[in-house]
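K.L.:
Please see the structure below; I have some questions.
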Amino acid sequence: MADAPPPILSLVGVSKAFGGVQALQDVDFTLRAGEVHGLVGENGAGKSTMMKIIAGVHADYAGRFLLDGREVRFRSTRDAHAAGIAMVHQELSIAPDLSVAENVFLGTQITNRLGMVQWRRMAQEAESLLARLGVHADPRQQMGDLPIGMQQLVEIARVLFSGARIIILDEPTSALSPPEIARLFSALRHLRAAGRSIVFISHFIDDILSIADTVTVFRNGRKIMTVPAADTTKGGLIQSMIGRGHAELEESYTNDIRLAAPAAGPVVLEADGLCLGRSLRDVSLSVRAGEVVGIYGFMGCGQAELARVLFGKMTPERGSIRVAGRRLRRGGTAGARRAGVAFVPDSRRAMLFHQEPVYKNTSISILGRLSRLFLKPAQERALAQRQIEALRIRPPRVDALLGALSGGNQQKVALAKWLTYPPKVLVLSEPTRGMDVGAKDEVVKIVHGLKAQGLAVVIVSSEPETVLSMADRILVLRKGELVREFADEIVSKDRLLEAA
Amino acid sequence: MNDDITSASTAHPAPARRGLGAIARSQMRNIAPFLTLIVLIVFFSVVSPSFATLGNVGNILTQVSVTGIIAAGLTFVILCAEIDLSVASIANATGIAVAYFTLQDSYVNIANVPVPGWVAILLALVACSALGVVNAAGLVVIGIPSFIMTLAMMQIAAGISALLVRGQIAYKIPALISTLGSGSVGGIPCIVLVAAFVLLLSHLVLTYTRFGRYVYLVGSNREAAENAGVNVKLILGAVMVISAVCSGIAGMLGVAHFGSAQQNEFDTYLLDSIAAVVVGGTSLFGGRGGIGNTIVGLFVLGVLNNGLDHVNIDSFLKILIRGLILLLALIINVYAQRLRETSAD
Ligand SMILES: Nc1ncnc2c1ncn2[C@@H]1O[C@H](COP(=O)(O)OP(=O)(O)OP(=O)(O)O)[C@@H](O)[C@H]1O
Ligand SMILES: [Mg+2]
């Protein structure tokens, strides 16, 4: 790398507050041409907020913004686009009803001289752009029908190949499998070689260290440091992110882990011979009270479907599900909830009410217990307050609109509601997606707490760390089939990846 | 709790340190219709001496009552991000049904089936509930979009009305209904009291019960509600039935109020009731708004209709003015939604 490539973008003394919440305070940030700049920090540290300022989402901030040495102030994302800045947001922002090709070219449709959309050309180009990321999807397919990992890749493709010279990726890998991440990284290296600048936000410190040239650490709305990636270590980064010693966290799960001895509780959840199209092939499993079963597999191997089937959201073509001995009939999600099954889906949009306050989000599944004829608002709020304190959700206000919370804090809210009135079976799909190291640790504690209360917990995830850190027993799913079970033995990340 | 009826259903107590501007932006949906109402009242009071009189207030209240009962039910539907286009037709059919089951004078040439008054009322209520159940089944069991389903129901109910009266006009209805529709207690028309009662009850249900909470949450994010274990189909079905029953009650009282039951006598109520809900600021995208908004919307329309009669303008121009006001309200409705989305991200 050249010694000091010129800065193409710099923020000087930028501050941004949302009402009483100081999201960014006096932040300086410099992005150079041809660099991949990693951004790390705890949930709510202000990473997304800063990037949204750069991408023109937030026009209202204090401080200076220099692009190519000239001061600019974007009024809208359109201004940022025109200046060559594009962003993949933390929350998927795709159009589920449009085709894949239309999503790839959202806003930049290919037209002929008469202004007519050239569908065939668009489809062809979409296909070849996606192939560069290793995605083989029919460009005519409806976006909403793709698995979430593919959707994320389509969105990434749209931004990567939009021609922007500054590309911002806010937690782009949260739904991707290791091979997909590898392909993304090689695409990023190509773009870097072509002189593009990339900002890469992630909670996966290993990913950051492997792709970034420079790393900036945020904490509580302030920039803590910017260092060359080569001069830092995972431990050092975590240390400055969290601001306190956190020795056990440094220990990643690449080491061997001894799975617990089998639980002795009664079998609570029993699935027998579940089949669903090509997603699930004769899947049988049973989970005991006080046991955490992890189901690991690459994105799209059927684990999302399995979670949905267990929660009555999808009806299997064959097979049966029993909860505490009683067969679950087609009662939909409401029937499953009555039987004692609770579900935390993988997409925050699919489980949270962004325009409602936090307390309504935490109470929805247990309103039956919180009301007779009428709701009991005082109790509802008190409960939410306790949950906020238990999970250290920021900001700690029951009335805060959910949409105003950072991604990781939203995830905590999604988990909070099961703490007080635990169900019999809890199905968690990707429970730590988008969480910082400290918050992941808290989720692990929550799950262990629930387990101690005698819940049967099923964790479905494509992140090996997630499964390894929580599960007592691990089942590996490959293309809809359970291929391997790890129980009462020693496992490691490598052995899991191998099995999948 | 917040007891201000116009905001209780939607307002979350504003965070203490948020600026006034931010509060105004997020409450745009509640503030704009209310300001519109004040402006209209002030305007008509100034230009017409006969507008701001006690007697005229009574007129306005009576004029909005039938719409108010329909709009109460429709509020549930719109909060769920659905629509019910069959409200006026169901009102008409129910009004005709109650007359059909009452003994008519011999000169009314209808082959009707006279039964005791309370049975007639019961049968009429069963009839409108049944139509609501059909709407609900079409929507949640078959999966027909509510816009289309209720469009069909609009025709079906109109057909039932036509078959029952066959072009005739019926006058006799059960005594209870005529008292509620055209009587008064202590100088206050009963129909106003009934409308107030229905609106109040709807408000209580929407704001303070579990069902009401589910209605809002299903409207604001259906998938999340389903994932939380809410029986979304049951909620959607229930709101369609509630809407039909409210329409049925409005239809019976309306017949008493007009003094006759005939075809097409409720036609204008479809637009009026949708307009009342939307002008009041309830979001067409679901999840925002409430009965408080609907009441404000009712009065905006009521004051406008009544006030225009007190000033001397071309009666054809009035129709245009109403249309423009409705358009303005729709623009505010959509704009408020967008503001809210950006402020909450
Ligand atoms: N639209 C908004 N309205 C109000 N507050 C907001 C809004 N967006 C962010 N915040 C607040 O600003 C702070 C920083 O949020 P931000 O989303 O930038 O965090 P982040 O570093 O991206 O965290 P995460 O890793 O969880 O995504 C948080 O306290 C959050 O609650
Ligand atoms: Mg973020």
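The values are calculated or read from the model by the stated rules, or taken from the named source; none is laboratory data. Since the model is a prediction, treat every value here as computed from it, not as a measurement. In this analysis, Cβ positions are derived from the backbone assuming ideal geometry, glycine residues included, and neighbour counts consider all displayed protein chains. What goes into the accessible areas is simple: the full protein's heavy atoms, side chains included, and nothing from ligands, DNA or RNA. Shrake-Rupley method; radii C 1.70, N 1.55, O 1.52, S 1.80 Å.
K.L.:
So which residues in segment A:345-355 are facing another protein chain (nearest Cβ under 8 Å) and touching a helix residue (DSSP H, G or I) at 6+ places or on another chain (Cβ under 6 Å), if there are any at all? Steps first, please.
P.N.:
Residues of segment A:345-355 that are facing another protein chain (nearest Cβ under 8 Å), as a first pass: A:345, A:349-355.
Hits for segment A:345-355 are A:PRO345, A:ALA350, A:MET351, A:LEU352, A:PHE353, A:HIS354, A:GLN355.
K.L.:
Let me ask another. Could you tell me whether segment B:144-151 includes any residue that is over 17 Å from B:CYS80 (Cβ atoms) and modelled with pLDDT of 95 or more?
P.N.:
Yes, that holds for at least one residue.
K.L.:
Kindly list the number of the only condition in (1) open to solvent by less than 10 Å² (accessible area, probe 1.4 Å); (2) within 14 Å of the chain's Cα centre (by Cα) that fails for B:SER283.
P.N.:
(2)
K.L.:
Restricting attention to segment A:30-46, and to residues there that are within 12 Å of ligand 2 (Cβ to nearest atom) and open to solvent by 10 Å² or more (accessible area, probe 1.4 Å), which single residue is farthest from the other protein chains (Cβ to nearest Cβ)?
P.N.:
A:GLU42
K.L.:
Does segment B:91-103 contain any residue that is outside any helix (DSSP H, G or I) and of a type in the set (A, V, I, L, M, F, W, C)?
P.N.:
yes
K.L.:
Scan segment A:173-222 for residues that are among the polar types (S, T, N, Q) and within 16 Å of ligand 1 (Cβ to nearest atom) and jot them down.
P.N.:
A:THR173, A:SER174, A:SER202, A:THR216, A:ASN220 - these are the residues of segment A:173-222 that are among the polar types (S, T, N, Q) and within 16 Å of ligand 1 (Cβ to nearest atom).
K.L.:
Same structure, new question: If you go through segment A:392-446 one residue at a time, how many are of a type in the set (Val, Ile, Thr), within 16 Å of ligand 2 (Cβ to nearest atom), in a helix (DSSP H, G or I) and open to solvent by less than 10 Å² (accessible area, probe 1.4 Å)? Even if it seems obvious, please write down each step before you answer.
P.N.:
The initial filter retains those residues of segment A:392-446 that are of a type in the set (Val, Ile, Thr), namely A:393, A:398, A:413, A:420, A:425, A:427, A:432, A:437, A:443-444, A:446.
Next, from what is left, pick out any that are within 16 Å of ligand 2 (Cβ to nearest atom): A:393, A:413, A:432, A:437.
Among the residues that remain, those that are also in a helix (DSSP H, G or I) are: A:413, A:437.
Subset that is open to solvent by less than 10 Å² (accessible area, probe 1.4 Å): A:413.
Residues flagged as of a type in the set (Val, Ile, Thr), within 16 Å of ligand 2 (Cβ to nearest atom), in a helix (DSSP H, G or I) and open to solvent by less than 10 Å² (accessible area, probe 1.4 Å) within segment A:392-446 amount to 1.
K.L.:
Working only within segment A:160-172, note down all residues that are open to solvent by less than 10 Å² (accessible area, probe 1.4 Å) and more than 13 Å from ligand 1 (Cβ to nearest atom).
P.N.:
Filtering segment A:160-172 for residues open to solvent by less than 10 Å² (accessible area, probe 1.4 Å) gives A:160, A:164, A:166-170, A:172.
Those that are open to solvent by less than 10 Å² (accessible area, probe 1.4 Å) and more than 13 Å from ligand 1 (Cβ to nearest atom): A:LEU160, A:ALA164, A:ILE166, A:ILE167.
K.L.:
While we're on this one: Of the conditions (1) free of Cβ contacts under 8 Å to residues at least 40 places away in the same chain; (2) surrounded by 15 or more Cβ atoms within 10 Å (Cβ to Cβ), A:HIS136 satisfies every one except a single condition; which number is it?
P.N.:
Evaluating A:HIS136 over (1) free of Cβ contacts under 8 Å to residues at least 40 places away in the same chain; (2) surrounded by 15 or more Cβ atoms within 10 Å (Cβ to Cβ) leaves (2) as the failure.
K.L.:
I'd like the full set of residues that are more than 16 Å from ligand 2 (Cβ to nearest atom), among the polar types (S, T, N, Q) and in a helix (DSSP H, G or I), limited to segment A:151-189.
P.N.:
Answer for segment A:151-189, where residues must be more than 16 Å from ligand 2 (Cβ to nearest atom), among the polar types (S, T, N, Q) and in a helix (DSSP H, G or I): A:GLN151, A:SER186.
K.L.:
Being in a helix (DSSP H, G or I), more than 9 Å from every other protein chain (Cβ to nearest Cβ) and crowded, with 22+ Cβ neighbours inside 10 Å narrows it down to one of A:ARG308, A:ARG381, A:ARG386, so name that one.
P.N.:
Details: A:ARG381 fails: crowded, with 22+ Cβ neighbours inside 10 Å; A:ARG386 fails: crowded, with 22+ Cβ neighbours inside 10 Å.
From the options A:ARG308, A:ARG381, A:ARG386, the qualifying one is A:ARG308.
K.L.:
A further question on this structure: Could you check segment B:209-243 and list, in sequence order, the residues that are facing chain A (nearest Cβ under 7 Å), open to solvent by 20 Å² or more (accessible area, probe 1.4 Å) and touching a residue at least 12 places away in the same chain (Cβ under 8 Å)?
P.N.:
B:SER220, B:ASN221
K.L.:
Only one residue in B:ASP309, B:ASP272 is away from chain A (no Cβ under 14 Å), more than 18 Å from B:ALA336 (Cα to Cα), among the acidic types (Asp, Glu) and more than 11 Å from the chain's Cα centre (by Cα). Which one? Spell out how you get there, then give the answer.
P.N.:
Values: B:ASP272 fails: more than 11 Å from the chain's Cα centre (by Cα).
Exactly one of B:ASP309, B:ASP272 is away from chain A (no Cβ under 14 Å), more than 18 Å from B:ALA336 (Cα to Cα), among the acidic types (Asp, Glu) and more than 11 Å from the chain's Cα centre (by Cα), namely B:ASP309.
K.L.:
Would you tally the residues in segment A:382-400 being among the polar types (S, T, N, Q) and farther than 12 Å from A:VAL413 by Cβ?
P.N.:
1
K.L.:
Same structure again: Just checking, which of B:ALA81, B:ALA11 is within 14 Å of another protein chain (Cβ to nearest Cβ), part of a loop (DSSP other than H, G, I, E, B) and modelled with pLDDT under 85?
P.N.:
B:ALA11
K.L.:
Quick one: which residue in A:SER406, A:SER429 is of a type in the set (Gly, Ala, Ser), more than 15 Å from ligand 1 (Cβ to nearest atom) and within 14 Å of another protein chain (Cβ to nearest Cβ)?
P.N.:
Values: A:SER406 fails: more than 15 Å from ligand 1 (Cβ to nearest atom).
Of A:SER406, A:SER429, the one residue that is of a type in the set (Gly, Ala, Ser), more than 15 Å from ligand 1 (Cβ to nearest atom) and within 14 Å of another protein chain (Cβ to nearest Cβ) is A:SER429.
K.L.:
Continuing with the same structure: Take the residues of segment A:282-298 that are in contact with a Gly (Cβ under 7 Å, 6 or more places away or on another chain) and either more than 19 Å from A:ALA499 (Cβ to Cβ) or modelled with pLDDT under 90 (or both): which is surrounded by the most Cβ atoms within 10 Å (Cβ to Cβ)? Break it down into steps so the answer makes sense when it comes.
P.N.:
Pass one, segment A:282-298, residues in contact with a Gly (Cβ under 7 Å, 6 or more places away or on another chain): A:282, A:284, A:288-291.
This time we only want the ones that are either more than 19 Å from A:ALA499 (Cβ to Cβ) or modelled with pLDDT under 90 (or both), so: A:288-291.
Values: A:ARG288: 20, A:ALA289: 20, A:GLY290: 19, A:GLU291: 24.
Per the stated criteria, the residue is A:GLU291.
K.L.:
Being within 15 Å of ligand 1 (Cβ to nearest atom) and out of contact with any Cys (no Cβ under 9 Å at 6 or more places or on another chain) narrows it down to one residue among A:ILE53, A:ILE94, A:ILE110, A:ILE85; which is it?
P.N.:
Going through A:ILE53, A:ILE94, A:ILE110, A:ILE85 in turn, just one is within 15 Å of ligand 1 (Cβ to nearest atom) and out of contact with any Cys (no Cβ under 9 Å at 6 or more places or on another chain): A:ILE53.
K.L.:
Next question. Suppose the filter is over 23 Å from the mean Cα position of the chain (by Cα), within 13 Å of ligand 1 (Cβ to nearest atom) and within 27 Å of B:TYR208 (Cβ to Cβ); does A:ARG397 pass it?
P.N.:
On the way: over 23 Å from the mean Cα position of the chain (by Cα): yes; within 13 Å of ligand 1 (Cβ to nearest atom): yes; within 27 Å of B:TYR208 (Cβ to Cβ): yes.
It is true that A:ARG397 is over 23 Å from the mean Cα position of the chain (by Cα), within 13 Å of ligand 1 (Cβ to nearest atom) and within 27 Å of B:TYR208 (Cβ to Cβ).
K.L.:
Within segment B:119-148, how many residues are within 17 Å of B:LEU234 (Cβ to Cβ) and surrounded by 14 or more Cβ atoms within 10 Å (Cβ to Cβ)?
P.N.:
So the count comes out to 11.
K.L.:
Would you please name the residue that is most open to solvent (accessible area, probe 1.4 Å), looking only at residues in segment A:311-352 that are in a helix (DSSP H, G or I) and more than 24 Å from A:GLY290 (Cβ to Cβ)? If you could, list the steps in order and put the result at the bottom.
P.N.:
First, pick out the residues of segment A:311-352 that are in a helix (DSSP H, G or I): A:332-339, A:348-350.
From what's left, more than 24 Å from A:GLY290 (Cβ to Cβ): A:332-335, A:348-350.
Working: A:GLY332: 32, A:THR333: 6, A:ALA334: 4, A:GLY335: 16, A:ARG348: 23, A:ARG349: 113, A:ALA350: 8 Å².
Residue satisfying both the conditions and the ranking: A:ARG349.
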